[in-house]
Amino acid sequence: MLGSAEVGHAVRQVGIGVFSSSSAGDLQLAVLNPQRLLVFNVSACTTEDDEGGTDTYYQLALLYKHTLSRSAYNFTQGTFGNAQGRECIAVQSLDGELTIIEQEKIVFSKFLPNFLVPGPLCYFPHPFDSLVTVNSQFLCESFRFSLLSSSSGGALASESDKDKEGRRAKPDWSLNLGESALAICPARHSSELRERQQELIVLGERSLFWIKENGHLRTTKRLDYAPLCMRPYLVKPESQPGACQFLMVGTMARQLMIYGHEMQLLWAAALDFAPVGVAVARSMGNVRGLVSSVSDEGELSVTFMGTDPPAAVVNNTEKQQLNYERMDEEHRQLLSVIREAHASTARKGEPSDQLVLRAQVPSQLDRSGADRGWQTMAVTVKLFVSYTGAEPLDEVTLMVSAPEQFQCSVNTTTLRGVTAGGTPRTVPLTFTVADPALPTDVHVTISASYQSKAGDPRVSCADIALPLVLCGKAVPPIKNGAYKMTVDTNRDPLALPALFEDIVPADAAALPNVLSFMYHSGLDATIIVSKNAGRYRVQSGSPEALWLVAHQLTNRLAMHFAAGSAGGGEPFEMGCSEDLDEPMSFYGRVVDEHFEARVVLRDIHAELEKSAAQFRGIQKRLLVRFKDRNPAPLNELDTLLDLSHERLADGAARGEAAEQRLHTAAQRLQLTTRLVLLILRLRFGLDAELFGVLERHWSPVVRDTQEQGWEEATELSLSVLLKTSLGKGGAKDVAAMPHGHAAMPKDTVKLKRLMGQVCERLAAR
């Protein structure tokens with residue numbers, strides 16, 4: 001530590017320059033606080049040590065300070081107005097005020113136009129004598145100092161004059177960068193620049209921009225990393241002709257990238273931290289070219305890159321003649337290594353130390369409160385956690401993912417000290433009904449994440465199905481069959497009470513051929529069995545109510561007759577011989593309902609954006625009126641503000657109603673999609689592999705976001721399905737493969753056509 005001084009507040013920026021009129025060309029230190037600008041004089045002092053030698057230290061003496069009326073963000077310095085022998089300081093505040101300080105006095109203040117948040121600021125001396133910044137609209141703007149100073153008359157502007165001047169301020173030129181800027185500075189980086197000519201270098205979030213003196217874009221370079229800071233530096237002395245600067249860029253990946261002329265990357269060096277500021281010292285002791293960098297934690301590091309950047313361009317090895325025989329040999333060696341790796345992995349198989357999850361799902365409800373409505377219905381699942389390794393696990397994190405209609409008593413929990421062998425750890429999971437709406441799914445995923453003793457992250461999963469009794473109850477037969485589907489089997493009909501013994505009370509006088517099931521929402525579904533053949537009809541007054549009952553029916557029939565098929569008898573088969581016109585017809589109406597709900601919500605959001613913009617505009621007008629020392633009449637602005645607020649509140653209420661409508665339509669779409677997929681599986685006899693492909697492309701999961709909805713995603717995926725698995729496999733199909741971002745369509749005509757084509761391709765298999 002060579003010298004220090006107490007500034008009392010946080011330091012936003014420091015700078016070195018000729019900031020005092022009493023000094024004869026000596027340099028001073030400027031320190032910017034949030035509310036003050038301090039200028040110190042730095043003087044060297046020499047003292048004798050105990051051994052008779054001399055010690056040199058630096059003393060900081062406060063020359064003057066300026067109290068700022070607004071919170072400061074950053075500052076830039078330069079010879080504003082082409083002054084000789086002195087430097088001025090321009091301080092930018094958080095609300096867009098530029099305060100010009102010329103040594104011991106504040107000259108004037110000026111507001112920047114179209115200001116929202118502060119950005120980087122620099123001084124461009126030659127030839128325009130301008131202040132350049134990048135605003136929140138991604139515009140790089142240049143303001144001539146002569147115009148800024150003349151508008152204020154060379155004195156400090158009053159509070160009432162600032163807004164008037166801000167409205168008249170116009171940039172000398174403006175350039176749209178298309179992204180926010182991190183830093184900006186003048187430099188001589190291009191080799192074709194004339195003497196004393198400079199250009200602007202702007203560091204964006206993903207690009208580097210080189211801007212000419214007149215504001216025209218010279219060139220740009222897209223970066224494949226996340227930059228943090230930049231600093232140009234001279235390689236040759238300024239006195240030498242043709243002296244140009246190299247550019248140093250610090251990245252978030254803890255690297256320093258050095259660019260030479262024509263944006264050529266010359267050097268890439270690694271650091272121990274991500275630098276937030278870099279600089280190159282001209283001379284430190286007897287060493288030139290030391291790089292100073294500061295981390296985000298305030299750590300200062302002085303490093304040396306080892307050598308000067310190469311003056312010549314590295315030869316392009318691709319122009320040399322290639323040795324194809326050597327390349328083939330290397331390719332064969334790499335293939336041999338890959339085969340050995342695959343073989344070793346296959347021999348190893350699954351690791352011996354595994355976490356095993358096993359769940360015991362009861363078929364009946366818990367006794368407490370089982371008959372007092374859906375609010376008290378609960379099912380307790382016992383989860384058994386066991387470990388096959390030799391050493392115990394320190395920590396195991398369990399996560400339970402259930403459908404939104406159900407809730408679990410434990411969503412996330414941590415098990416500590418899971419030992420190997422012995423009695424498995426038991427975790428009770430109680431599931432209750434959170435929403436009486438139709439359940440879109442009954443499957444629950446339980447995952448356990450842990451680390452092995454070797455430090456490898458591992459995950460074990462278990463899928464369970466909640467019992468049907470948690471979704472509703474059996475009721476007396478209901479004759480309501482507006483929507484239906486028929487399941488044909490090659491077995492004799494079964495009595496429904498035996499097939500659904502978990503939901504049919506033992507003491508109830510149930511009919512063997514009819515079973516009605518009522519959900520908590522009030523919707524119902526009925527199963528009717530043919531007396532002479534193994535035919536089962538599922539019917540309901542709502543199409544979305546068919547899926548869960550039909551899904552349970554097909555699963556229970558397959559499990560019941562699996563034993564007979566395994567004993568060498570005739571394989572059990574299920575089918576659906578009905579025409580697809582009726583289910584596709586009501587499915588199309590459900591798709592249209594969901595799409596219309598999306599359109600309504602989109603229009604409401606657009607209206608809300610306009611109302612919010614109008615409301616903010618009126619607020620700004622009122623604030624300007626209230627800031628004036630002589631307030632002008634409001635001219636009914638308060639009435640307009642109240643009307644805009646009412647319009648905004650009404651739009652928000654309609655938006656909430658539209659979101660609820662979309663949520664209901666999405667749930668209905670999920671259920672009907674699952675029903676249509678089940679009908680297609682039975683109708684065309686799809687095996688598990690092909691049905692999995694169909695389900696992945698024709699997804700029953702509906703997730704609507706602002707970027708993409710279910711309609712455009714399904715339209716794109718069905719197009720891919722028709723070109724791949726259900727396509728002819730020709731070159732035309734590959735060339736016509738859809739790509740790019742899927743925008744919201746104008747209607748659902750194309751989507752319905754693609755669904756019809758999928759059904760036709762499945763029928764033609």
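Coordinate-derived values only; no laboratory data. Just so we're clear, the structure is a prediction, and the values are computed from it rather than from any experiment. No Cβ is skipped: glycine too gets one built from the backbone with ideal geometry, and neighbour counts run over all protein chains shown.
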Which one of S180, S363, L762 has its Cα pushed farthest toward the positive end of the charge dipole of the chain, where Lys and Arg give +1 and Asp and Glu give -1 at the Cβ? L762
Return the long-range amide H neighbours of S207 (sequence gap of 5 or more, or a different chain), with a cut-off of under 5 Å between placed amide H atoms. L223
Segment 471-575, dipole about Cα centre (Lys/Arg Cβ +1, Asp/Glu Cβ -1), debye to the nearest 20: 260 debye
The list [x] 28.4, 95; [y] 37.5, 119; [z] 32.5, 99 gives values of Rg and Dmax of the Cα atoms in Å, and only one came from this structure; which label was calculated from it? [y]
If you take the charge dipole of the chain about its Cα centre, with +1 on Lys and Arg Cβ and -1 on Asp and Glu Cβ, which of V249, V538, S301 is farthest toward its positive end? V538
Taking the Cα atoms only, what angle lies between the long axis of helix 581-627 and the longest principal axis of the chain, rounded to 10 degrees? 30 degrees
Measure out, as a whole number of angstrom, how far apart the alpha-carbon centroids of segment 179-235 and segment 572-606 sit. 54 Å
Taking the Cβ-Cβ separation of T220 and V624 as r and a Förster radius of 41 Å, what is the calculated FRET efficiency to the nearest 0.05? 0.60
Compare the Cα positions of P34, F572, T432 along the charge dipole of the chain (+1 at Cβ of Lys, Arg; -1 at Cβ of Asp, Glu; about the Cα centre) and return the one farthest towards the positive end. F572
Report Rg(Cα)/(2.2 N^0.38 Å) for segment 355-464, keeping two decimals. 1.19
Under unit Cβ charges (Lys, Arg +1; Asp, Glu -1), what dipole magnitude, rounded to 20 debye, does the chain have relative to its Cα centre? 1380 debye
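Which ordering of T705, T714 is given by a fewest-first count of other beta-carbon atoms within 10 Å? Working shown, then result.
Numbers: T705 8, T714 22.
Result, fewest neighbours first: T705, T714.
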Given Cβ point charges of +1 (Lys, Arg) and -1 (Asp, Glu) and nothing else, what value in debye, to the nearest 20, does the dipole of segment 583-763 about its Cα centre take? 380 debye
Once label points are set 7 Å from the Cα along Cα→Cβ at both I478 and A743, what is their separation, rounded to one decimal in nm? 4.5 nm
Under a point spin-label approximation (7 Å from Cα along Cα-to-Cβ), what is the F304-V276 distance to one decimal in nm? 2.9 nm
Using θ = phi - 60° and the Karplus relation 6.51 cos²θ - 1.76 cosθ + 1.60, list the HN-Hα couplings for segment 247-254 in order, rounded to whole Hz, with x at every Gly or Pro. 10, 10, 10, x, 10, 6, 8, 6
Subset of K65/K110; K473/K752; K65/K170; K479/K531; K170/K610 violating a 25 Å alpha-carbon distance limit: K473/K752; K65/K170; K170/K610
Per-selection Rg to Rh, segment 177-305 - Cα, Kirkwood hydrodynamic radius: 0.96
Relative contact order of segment 471-575, please, whole-number percent, based on alpha carbon pairs below 8 angstrom and at least 6 residues apart. 33 percent
What does the extension gain come out to for R602 and F138, with contour length at 0.36 nm per residue minus their alpha carbon separation? 164.3 nm
J(HN,Hα) series, segment 225-232, from Karplus relation 6.51 cos²θ - 1.76 cosθ + 1.60, nearest Hz, glycine and proline x: 8, 9, x, 10, 7, 8, 7, x
Relative contact order %, the chain, counting alpha carbon pairs below 8 Å whose residues are six or more apart: 5 percent
Output the relative contact order of segment 177-305, whole-number percent, from Cα pairs under 8 angstrom with separation of 6+ residues. 15 percent
Aspartates and glutamates near K484 by alpha-carbon distance under 19 Å, same-chain residues fewer than 8 away left out - which ones? D524, E544, E578, D579, D581, E582
Which of C140, C185 has the fewest Cβ neighbours within 10 Å, and the rest in rising order: C185, C140
Under the 7 Å Cα-to-Cβ spin-label approximation, Y324 and D488 lie apart by a distance in nanometres of 6.1 nm
Can you return the aspartates and glutamates within cross-link range of K723? Criterion is Cα-Cα under 12 Å, with same-chain partners fewer than 8 residues away left out. D733
